[in-house]
Structures are given as C-alpha cells and as structure tokens.
Amino acid sequence: MFQQRPLTRYLPIRSGALDLRQHIETAGHQLDRCPHVQVDRTSCRGVLHKMASKFHTWQKRWFVFDRARRTLMYYSDRAERKARGGAYFQVKNNSNNNTFSILLINNRSSKNAFLKNRSNELFS
C-alpha cells in the first residue's frame, strides 16, 4: 500500500506567485494518486467529513480551500452553489503579541476567532 509523506512545510508563503499544486507536489505528495482531491494554482477541493453541531454526527461535505480569497468554505455537494459555512482568514499582524484572526461563518451567524502564536516566526 502506498503511503504519502507527511506535510513538512508549515511556515506561510506569502508570495502571490505561489503555485499551490506545484508547492504540494514538491513537498513530496503525489496528487495523481489522489483522484478525490482537486488542486490547481490557488485552490484545493475535496470531500471531508464534518461533525454536525447539533447531534454530533459526521456529515460528508465538499470543502474548498481558496488561497487567493483566503477562505475555507464547505458546501453540501460539488456544485458549490451556496456555502453552508466556512472561514475567512484575516491576518492582522501585531508583532507585539503575535496574533491573527479568523472570521468563522455559517448560514446563521459569524464570529471572530483570535489566535496567538508563541513566537514571531510565523509573521516574519
């Protein structure tokens, strides 16, 4: 059985010229062996299972990570007609406290999650 390498590049790459597909492949991942995942220059699409908030059961959802739009959204199916929820990544770099925020949204509400990094390494 084929086993992929674990993702080894964690620090953000801010260059707008980044080709997401090429970046993933040069990290050692063989996307041609993952027909259930669609990756192009700026986005990655595929099925993930999300835990439902009310009954805590796992639901199959179509997720789209879009680097250009700085979003991670999920839909009921591949048609991507109306987002059921997701997150907008809003980096508000404050070098004094190493914080950033993520705007979490669903079809009923939205809220900001403020996150903090222990070191300044992520923001350099």
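Let's see how each residue does on (1) hydroxyl-bearing (Ser, Thr, Tyr); (2) at pLDDT 90 or above:
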{"site": "Ser43", "(1), (2)": "yes, yes"}
{"site": "Phe55", "(1), (2)": "no, no"}
{"site": "Phe65", "(1), (2)": "no, yes"}
{"site": "Arg78", "(1), (2)": "no, yes"}
{"site": "Phe89", "(1), (2)": "no, no"}
{"site": "Lys92", "(1), (2)": "no, no"}
{"site": "Asn97", "(1), (2)": "no, no"}
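Of the strands (runs of 3 or more DSSP E) contained entirely in region 39-87, those carrying at least 2 residues that are free of Cβ contacts under 8 Å to residues at least 40 places away in the same chain and loosely packed, with under 15 Cβ neighbours inside 10 Å fall at 43-51, 58-66. If you go through region 19-38 and keep only what is part of a helix (DSSP H, G or I), in contact with a strand residue (DSSP E or B) (Cβ under 9 Å, 6 or more places away or on another chain) and without any contact (Cβ under 8 Å) to a residue 24 or more places away in the chain, you end up with Arg21, Ile24, Glu25, Leu31.
The values are calculated or read from the model by the stated rules, or taken from the named source; none is laboratory data. Just so it is clear, the model here is predicted, and its values are computed rather than measured. Don't worry about glycine lacking a Cβ; one is built from the backbone with ideal geometry, like all the others, and counts go over all protein chains shown.
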